[in-house]
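Undergrad: Can you keep this structure in mind? I'll have questions shortly.
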Amino acid sequence: MTTTHSDEGHDNVMTSTSVTLSEAQQNEIRQAVAQAESNTSGEIVPLIVPCAGDYEHVEIRFGAFLSMALTLLTLWWAPMIPLWGIAGVMAASYLLGRLVVRITPGLKHFLVGKATMNDTVSEKAFSLFIQQGLHYTRDATGILILVCLFEKRVEILADRGINEKVDHQQWQQAVDTIVDGLHQGTMVKSLCQAIESCGTLLAEHCPQREDDENELPDLIVH
């Protein structure tokens, strides 16, 4: 299998991580998949998720940092504060810190960091590839297109039947197309373009059989 992801060249952070595709948008993606698969025995599964991980450890660390900082500041400002007061400041500031990270995607995105997000998205993609049964296709030509909204990452996993015939750069071009759409607010259009590109690759290397059938869903939204 191959895997590739990207958000390089983009500095702005999405503030919305919810998947709110309309029925028309979902149908547009399904139609793009159906069209792409019409000339190939391969299978393309777009999968859109709000985030690849909850990154709770970032909330915990930021809460602990804020709790320590505000507690020290309180002791400096009011050294005679009773122990119950210190405990209250520690608990309140810890909870506040966690809440701030949770409701501020931009801050959370910054604190998580690119390396952690890359690893998390890759792990999520491999897990979903197996869960959705893409490794069970007849000719091992399943392609997963994972779109993670919070991370602004797109991961493409292709099974061995197609991956060994396609250059990595061709997958990367499809990934970059979707990432550009995420940042420009045209995700559906860009995803459909990438699906068309994947369909072209599949048709070239894995042409349709007479007894071909649709083995996997044409769209999954979590």
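The values are calculated or read from the model by the stated rules, or taken from the named source; none is laboratory data. These numbers were taken from a predicted model, which means no experiment stands behind them. Glycine gets a Cβ as well: all are built from the backbone with ideal geometry, and neighbour counts include every protein chain shown. Side chains are part of the model used for accessible areas, which takes the heavy atoms of the whole protein and leaves out ligands, DNA and RNA. Shrake-Rupley method; radii C 1.70, N 1.55, O 1.52, S 1.80 Å.
Undergrad: Name the one entry in 102, 160 that is open to solvent by 50 Å² or more (accessible area, probe 1.4 Å) and closer than 25 Å to residue 37 by Cα.
TA: Just one listed residue meets the conditions, 160.
Undergrad: Suppose we filter 52, 24 for residues that are at pLDDT 90 or above, open to solvent by 20 Å² or more (accessible area, probe 1.4 Å) and aliphatic (A, V, I, L, M); which single one remains?
TA: Going through 52, 24 in turn, just one is at pLDDT 90 or above, open to solvent by 20 Å² or more (accessible area, probe 1.4 Å) and aliphatic (A, V, I, L, M): 24.
Undergrad: Looking at the structure I just gave you, is residue 121 at pLDDT 90 or above, in contact with a His (Cβ under 6 Å, 6 or more places away or on another chain), closer than 29 Å to residue 20 by Cβ and not in a loop (DSSP other than H, G, I, E, B)?
TA: Taking the combined requirement at face value, the residue satisfies it.
Undergrad: Still on this structure, I have one more. Please find, within segment 181-199, the residue that is most open to solvent (accessible area, probe 1.4 Å) out of those that are over 14 Å from the mean Cα position of the chain (by Cα) and touching a residue at least 60 places away in the same chain (Cβ under 8 Å).
TA: Step one: of segment 181-199, the residues over 14 Å from the mean Cα position of the chain (by Cα) are 184-186, 188-190, 192-199.
From what is left, the residues that are touching a residue at least 60 places away in the same chain (Cβ under 8 Å) are 188, 192, 195-196, 198-199.
Values: 188: 15, 192: 20, 195: 0, 196: 121, 198: 1, 199: 6 Å².
Result: 196.
Undergrad: Return the residue satisfying two criteria in turn: it lies in segment 62-99 and is in a loop (DSSP other than H, G, I, E, B) and open to solvent by 50 Å² or more (accessible area, probe 1.4 Å), and of such residues it is modelled with the highest pLDDT.
TA: Restricting attention to segment 62-99, the residues satisfying the condition of being in a loop (DSSP other than H, G, I, E, B) are 78-82.
Those left that are additionally open to solvent by 50 Å² or more (accessible area, probe 1.4 Å): 79-80, 82.
Numbers: 79: 87, 80: 87, 82: 91.
Of everything passing the filter in segment 62-99, 82 is modelled with the highest pLDDT.
Undergrad: To continue, here is another question. Given the structure, is residue 150 under 27 Å from residue 36 (Cβ atoms) and open to solvent by 40 Å² or more (accessible area, probe 1.4 Å)?
TA: It is false that residue 150 is under 27 Å from residue 36 (Cβ atoms) and open to solvent by 40 Å² or more (accessible area, probe 1.4 Å).
Undergrad: Restricting attention to segment 186-202, does a residue exist that is closer than 15 Å to residue 45 by Cβ, in a loop (DSSP other than H, G, I, E, B) and in contact with an Asp or Glu (Cβ under 9 Å, 6 or more places away or on another chain)?
TA: Scanning segment 186-202 turns up no residue that is closer than 15 Å to residue 45 by Cβ, in a loop (DSSP other than H, G, I, E, B) and in contact with an Asp or Glu (Cβ under 9 Å, 6 or more places away or on another chain).
Undergrad: Here's another thing I want to ask about it. Go through segment 45-87 and count every residue that is among the small types (Gly, Ala, Ser), under 38 Å from the mean Cα position of the chain (by Cα) and farther than 30 Å from residue 191 by Cα.
TA: 4
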